[in-house]
Structures are given as structure tokens and as C-alpha cells.
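Shown next, in C-alpha cells, is the structure this report addresses.
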Amino acid sequence: MNIQYKFLNRHVVITGGARGIGFEMTKLFLSSGAHVSVWDYAQDNLESARRELSAFADKVHFAQVDVSKAASVEAAAQQLPWPIDTLINNAGITRDKSFSKMAQEDWQAVIDTNLTGVFNVTKTLLANFKTDSTPKRIVNISSVVALYGNFGQTNYVAAKAGVIGMTKTWARELSRKGFTVNAIAPGFTLTPMVEAMPAEARAQIEQKIPVGRMGMPIEIANAAAFLASEEAGYISGTVLSVDGALVV
Ligand SMILES: NC(=O)c1ccc[n+]([C@@H]2O[C@H](COP(=O)([O-])OP(=O)(O)OC[C@H]3O[C@@H](n4cnc5c(N)ncnc54)[C@H](O)[C@@H]3O)[C@@H](O)[C@H]2O)c1
């Protein structure tokens with residue numbers, strides 16, 4: 001059973017909110033009473049999310065945004081239908097290759113989306129936050145690999161470690177202004193990307209996870225909802241691992 005969050009009168013932007021972990025967050029925040037603006041660059045993901053969320057039509061807003069492009073982010077910020085109080089930087093991609101085979105383009109694409117994207121969106125949306133006493137929350141989705149490295153992920157690990165650095169810096173700069181800023185470090189989570197892996201590779205990974213299984217997207221969404229809640233108001237600058245004890 002899910003914890004009951006109270007997000008009435010809360011207004012949330014979720015990047016990459018149309019699929020996978022982000023879509024699970026979109027559903028959880030909507031069903032807890034929030035208004036949600038789903039920012040995603042994939043039109044097909046946006047369309048299927050829109051179909052699935054037809055029951056929330058008056059509370060959900062969709063925008064096709066490429067977080068890696070400042071102009072796209074600025075245009076979307078101008079179209080936001082309401083001031084916001086919560087931002088979840090979740091959009092992310094992978095371009096995995098061993099370091100010796102990793103091309104400059106693989107490096108740049110991942111840095112542009114996973115690191116610069118978080119910078120672009122947060123910097124732009126600071127001006128769209130409510131100015132009243134509503135709790136203000138920024139939750140950045142990093143990864144457990146940012147904490148211990150991972151074969152074949154130089155670009156991704158660098159970006160996700162950078163996200164943790166920005167989280168800590170923004171916690172220092174913004175907490176006095178009514179924000180909390182935190183990161184989540186998910187472990188292996190069963191999204192379409194992971195489901196597509198061969199069963200043998202999945203089984204090998206699961207053997208290494210003390211809890212004995214991969215995480216579910218709703219388990220990451222629940223962590224984001226907790227950090228976004230009013231009750232988490234004294235938690236800022238932290239990195240919450242949600243990884244089944246993979247890294248302890
Ligand atoms: N799945 C995992 O095991 C896992 C583990 C650790 C961290 N994460 C992180 O969690 C987040 C979500 O991952 P997921 O597995 O749900 O991925 P996913 O690929 O299923 O969904 C990502 C969504 O982000 C969107 N997106 C990608 N690039 C974008 C851009 N430039 N602008 C706007 N939208 C963009 C995609 O269209 C997609 O809808 C990512 O940041 C990922 O790095 C995932």
C-alpha cells in the first residue's frame with residue numbers, strides 16, 4: 001500500500017516525466033492531489049502519458065522540452081500554466097561504452113542532458129517558483145553509480161556525480177530562501193530500459209543486490225514524494241540511496 005501524501009495546492013514540474021521512473025512520479029503526485037507539468041522531449045512518450053492520465057486532465061500539463069537546450073527550456077518555462085513549488089530533475093540518458101571506446105559525442109550527449117540539463121532547468125525555473133510560504137523543493141535524480149563508479153559509464157558517472165555536487169551547492173545557496181534541495185541515488189530499477197536486458201544479465205545483477213531484486217519505479221517515486229513533502233522540511237543537501245543496499 002502507498003503512503004498517502006498530501007499535495008493539494010502543490011505544483012510540480014517533472015522532467016522526463018512521461019516514461020519510466022518519471023512517469024511513476026507523475027502518477028504518484030497527481031493521485032496525491034498535486035498539479036503536474038510533465039516535461040519530456042519524446043512526443044510518443046508524451047502522447048501515451050496523456051492517454052493514460054486522461055482522468056487527471058484538469059491537473060496535468062504536458063510540454064515537449066529538450067532539457068539539454070536552454071532555449072527549449074526557456075520557452076517551456078514561459079508556457080507554464082502556474083507558478084511551481086517543486087521541481088524534479090529526472091530526465092536522463094545513457095550512452096555506455098568502455099572509456100577507451102567512448103567517443104566525444106557519447107561524452108557530450110550525456111553531459112548535455114544529465115548535467116547541463118539539470119543546470120538549465122533549475123536555473124530557468126527559479127523564477128517560476130511561488131513567492132509565498134509554500135514549501136519549495138528541488139529533487140535531483142542522480143544514480144548509485146555516481147557514488148562508486150561503473151564500468152562503461154565514464155560520461156554517465158561524471159554527470160550524475162556532478163548532479164550531487166550541484167545538489168549540495170544549491171542546498172547551501174537556497175535553503176535560506178525556503179527551498180530544500182536533495183538528490184536520490186537509485187540503484188537498478190525496473191524500467192523499460194532494464195526490462196530489455198537479457199534475463200541472464202539481469203539475474204547476475206540481482207545476485208549482487210543484498211535485497212535480492214531490482215527496485216520498482218514506484219519505490220523511487222515514493223522517495224521523491226517524501227523529499228517533496230512538507231514533513232521533510234529539515235532535510236536538505238542529502239543524497240538518498242534507494243538501491244536495496246547495493247552500496248553500503
Ligand atoms: N532505471 C534505472 O535503473 C536507473 C538507475 C539510476 C538512475 N536512473 C535515473 O533515473 C532517471 C529516469 O530513468 P528511467 O530509467 O526512468 O529512464 P527512461 O529512459 O525510461 O525515461 C527517461 C525519460 O526522460 C526523457 N528524456 C530523455 N532525455 C531528455 C531530454 N533531453 N529532455 C527531456 N526529456 C528527456 C525520455 O524521453 C524519457 O521519457 C534518469 O535520470 C536515470 O539516469 C535510472
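The values are calculated or read from the model by the stated rules, or taken from the named source; none is laboratory data. In this text the structure is predicted, and so the values were computed from the model without any measurement. No Cβ is skipped: glycine too gets one built from the backbone with ideal geometry, and neighbour counts run over all protein chains shown.
What pairs can you find where one residue is in segment 200-225 and more than 14 Å from Ala245 (Cα to Cα) and away from the ligand (no atom under 14 Å from the Cβ), the other is hydroxyl-bearing (Ser, Thr, Tyr) and at pLDDT 95 or above, and their Cβ atoms are less than 8 Å apart, with a gap of 6+ or different chains?
Ala225/Ser32
Give the residues of segment 38-82 that are within 14 Å of the ligand (Cβ to nearest atom) and polar (S, T, N, Q), sorted by residue number.
Gln43, Asn45, Ser48, Gln64, Ser68, Ser72
Filter segment 83-95 for residues that are of a type in the set (A, V, I, L, M, F, W, C) and more than 9 Å from the ligand (Cβ to nearest atom) and give the result. Don't jump to the end; show me each part of the working.
Initial filter on segment 83-95 (of a type in the set (A, V, I, L, M, F, W, C)): 84, 87-88, 91, 93.
Listed by number, the residues that qualify are Ile84, Leu87, Ile88.
Mind checking whether some residue in segment 138-146 is in contact (Cβ under 8 Å) with a residue 24 or more places away in the chain, more than 11 Å from the ligand (Cβ to nearest atom) and buried (at least 22 other Cβ atoms within 10 Å of the Cβ)? Lay out the reasoning, then the answer.
Residues of segment 138-146 that are in contact (Cβ under 8 Å) with a residue 24 or more places away in the chain, as a first pass: 138-144, 146.
The next check asks that each one be more than 11 Å from the ligand (Cβ to nearest atom); those that pass are 138-139.
This time we only want the ones that are buried (at least 22 other Cβ atoms within 10 Å of the Cβ), so: 138-139.
There is at least one residue in segment 138-146 that is in contact (Cβ under 8 Å) with a residue 24 or more places away in the chain, more than 11 Å from the ligand (Cβ to nearest atom) and buried (at least 22 other Cβ atoms within 10 Å of the Cβ).
Name the pairs: first residue in segment 184-196 and without any contact (Cβ under 8 Å) to a residue 24 or more places away in the chain and farther than 18 Å from Ala245 by Cα, second residue buried (at least 20 other Cβ atoms within 10 Å of the Cβ) and not charged (D, E, K, R), Cβ to Cβ under 8 Å, at least 6 apart or on different chains?
Qualifying pairs under 8 Å: Val194/Phe188; Val194/Met214.
Could you tell me how many of the residues in segment 14-27 are more than 13 Å from the chain's Cα centre (by Cα) and surrounded by 24 or more Cβ atoms within 10 Å (Cβ to Cβ)? Spell out the reasoning first.
Our first condition is that a residue be more than 13 Å from the chain's Cα centre (by Cα); within segment 14-27, this holds for 27.
Narrowing further to those that are surrounded by 24 or more Cβ atoms within 10 Å (Cβ to Cβ): none.
Qualifying residue count for the region: 0.
Take the residues in segment 28-37 that are surrounded by 21 or more Cβ atoms within 10 Å (Cβ to Cβ) and part of a helix (DSSP H, G or I); name whichever of them is nearest to the ligand (Cβ to nearest atom).
The qualifying residue nearest to the ligand (Cβ to nearest atom) is Leu28.
Provide a single number: the residues in segment 69-96 that are farther than 13 Å from Thr122 by Cα and either within 12 Å of the chain's Cα centre (by Cα) or aromatic (Phe, Trp, Tyr) (or both).
3
How many of the residues in segment 192-248 are among the β-branched types (Val, Ile, Thr) and within 23 Å of Ser32 (Cα to Cα)?
Of segment 192-248, the ones among the β-branched types (Val, Ile, Thr) are 194, 205, 209, 211, 218, 220, 235, 238-239, 242, 247-248.
From what is left, the residues that are within 23 Å of Ser32 (Cα to Cα) are 218, 220, 235, 242.
Residues in segment 192-248 being among the β-branched types (Val, Ile, Thr) and within 23 Å of Ser32 (Cα to Cα): 4 in total.
Based on this model, can you work out whether Gly152 counts as away from the ligand (no atom under 16 Å from the Cβ) and of a type outside the set (Phe, Trp, Tyr)?
It is false that Gly152 is away from the ligand (no atom under 16 Å from the Cβ) and of a type outside the set (Phe, Trp, Tyr).
What is the residue count in segment 99-133 for residues that are at pLDDT 95 or above, more than 16 Å from the ligand (Cβ to nearest atom) and polar (S, T, N, Q)?
Going through segment 99-133 one residue at a time, the tally reaches 4.
For segment 169-195: of the residues being within 10 Å of the ligand (Cβ to nearest atom) and among the aliphatic types (A, V, I, L, M), which is nearest to Gly237 (Cα to Cα)? Can you show your working first?
Within segment 169-195, the first condition is being within 10 Å of the ligand (Cβ to nearest atom), and the residues that meet it are 184-195.
Remaining after also requiring among the aliphatic types (A, V, I, L, M): 184-185, 190, 193-194.
Numbers: Ile184: 11, Ala185: 13, Leu190: 27, Met193: 29, Val194: 29 Å.
The qualifying residue nearest to Gly237 (Cα to Cα) is Ile184.
Starting from residues that are near the ligand (Cβ under 9 Å from one of its atoms) and in contact with a Phe, Trp or Tyr (Cβ under 7 Å, 6 or more places away or on another chain), keep the ones in segment 13-27 and report whichever is farthest from Asn140 (Cα to Cα).
The selected residue is Gly17.
Going through Ala49, Ala18 one at a time, which residue ends up being assigned to a loop (DSSP other than H, G, I, E, B), hydrophobic (A, V, I, L, M, F, W, C) and in contact (Cβ under 8 Å) with a residue 24 or more places away in the chain? Steps first, answer last, please.
Working: Ala49 fails: assigned to a loop (DSSP other than H, G, I, E, B).
Only one candidate qualifies: Ala18.
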